[in-house]
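Visitor: Pasting a structure here, questions to come.
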Amino acid sequence: MTVIRCPKCRARLVVTALAPDQCVECSCGTFVPMPTGRTVSAFWLTMIGAVLVVLGCCVPLVRNMAQYNLRSRASAAYTNLPAIAGAEQAYFKAHGTFVGAGPVPAAVPRLQKVEFVADDGFKAIPWQPGGFVYYQYEVQVAGPKSAVVFARGDLNGDGKQSEFRLEVRPDAPLGEVVAKDPLE
């Protein structure tokens, strides 16, 4: 048994054994077709629309969270390079020369942290980040009174590396970290 309404007079019509393609005549003379299966009420259409709107609003949030995650990982390079440079300056004051170190780890990390095992250069200054890192760190001695500290990484795993550098001089304050593609 199915109940349908006449679109003209809004009368209720009770239908029992009609096929979906047949019509019923209302008392007002209007022929009302049988529904062709399940109908979706306006409530459910509204609910589906609301869900789609909410999902549409969530997409930018997820995208912003990914960018936030990359920026937070990149902050490690901005923190560690001045620490390495300060350790190099202290080593220079004690020994009169800079010491080269790294690259450690041997391969540039992609997407995830890798263990940092200090080589002889990092042990000499002494500097160690404590565990796992997103970047490869290296100190290159550029001359008798200068060195350059590098951090390289691939945070998003696309094969393109980000590079951070900081120049170190024994008699000058530390400059700013220079970044090339910091969120790569």
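The values are calculated or read from the model by the stated rules, or taken from the named source; none is laboratory data. These figures come from a predicted structure and were not determined experimentally. Note that each Cβ is placed from the backbone with ideal geometry, even for glycine, and that neighbours are counted across all protein chains shown.
Visitor: Just give me the residues in region 121-147 being touching a strand residue (DSSP E or B) at 6+ places or on another chain (Cβ under 9 Å), surrounded by fewer than 17 Cβ atoms within 10 Å (Cβ to Cβ) and in contact (Cβ under 8 Å) with a residue 12 or more places away in the chain, in sequence order.
Guide: Once the filter is applied, which keeps residues that are touching a strand residue (DSSP E or B) at 6+ places or on another chain (Cβ under 9 Å), surrounded by fewer than 17 Cβ atoms within 10 Å (Cβ to Cβ) and in contact (Cβ under 8 Å) with a residue 12 or more places away in the chain, region 121-147 yields Ala124, Gly131, Phe132, Gln140, Ala142, Ser146.
Every residue, every condition in (1) surrounded by 15 or more Cβ atoms within 10 Å (Cβ to Cβ); (2) under 17 Å from Gln136 (Cβ atoms); (3) basic (Lys, Arg); (4) modelled with pLDDT under 90, yes or no:
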residue: Arg10; (1), (2), (3), (4): no, no, yes, no
residue: Phe43; (1), (2), (3), (4): no, no, no, yes
residue: Val53; (1), (2), (3), (4): no, no, no, no
residue: Arg63; (1), (2), (3), (4): no, no, yes, yes
residue: His95; (1), (2), (3), (4): no, no, no, no
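Visitor: Continuing with the same structure: Can you spot a residue in region 121-137 that is among the aliphatic types (A, V, I, L, M), within 30 Å of Tyr68 (Cα to Cα) and out of contact with any Pro (no Cβ under 8 Å at 6 or more places or on another chain)?
Guide: The answer is no; no qualifying residue exists.
Visitor: Quick check on region 166-183: of everything there that is surrounded by 18 or more Cβ atoms within 10 Å (Cβ to Cβ) and not aliphatic (A, V, I, L, M), which residue is farthest from Lys113 (Cα to Cα)?
Guide: Arg169
Visitor: Just to confirm my filter: which strands (runs of 3 or more DSSP E) fall fully inside region 106-184 and include at least 1 residues that are in contact with a Ser or Thr (Cβ under 6 Å, 6 or more places away or on another chain)?
Guide: 146-153
Visitor: Which ones in region 148-159 are of a type outside the set (Asp, Glu) and touching a strand residue (DSSP E or B) at 6+ places or on another chain (Cβ under 7 Å)?
Guide: Within region 148-159, Val148, Val149, Phe150, Ala151, Arg152, Gly153, Leu155, Gly157 meet the criteria.
Visitor: If you check Ala83 against the conditions, is it within 25 Å of Gln161 (Cα to Cα), over 25 Å from the mean Cα position of the chain (by Cα) and not β-branched (Val, Ile, Thr)?
Guide: The answer is yes for Ala83.
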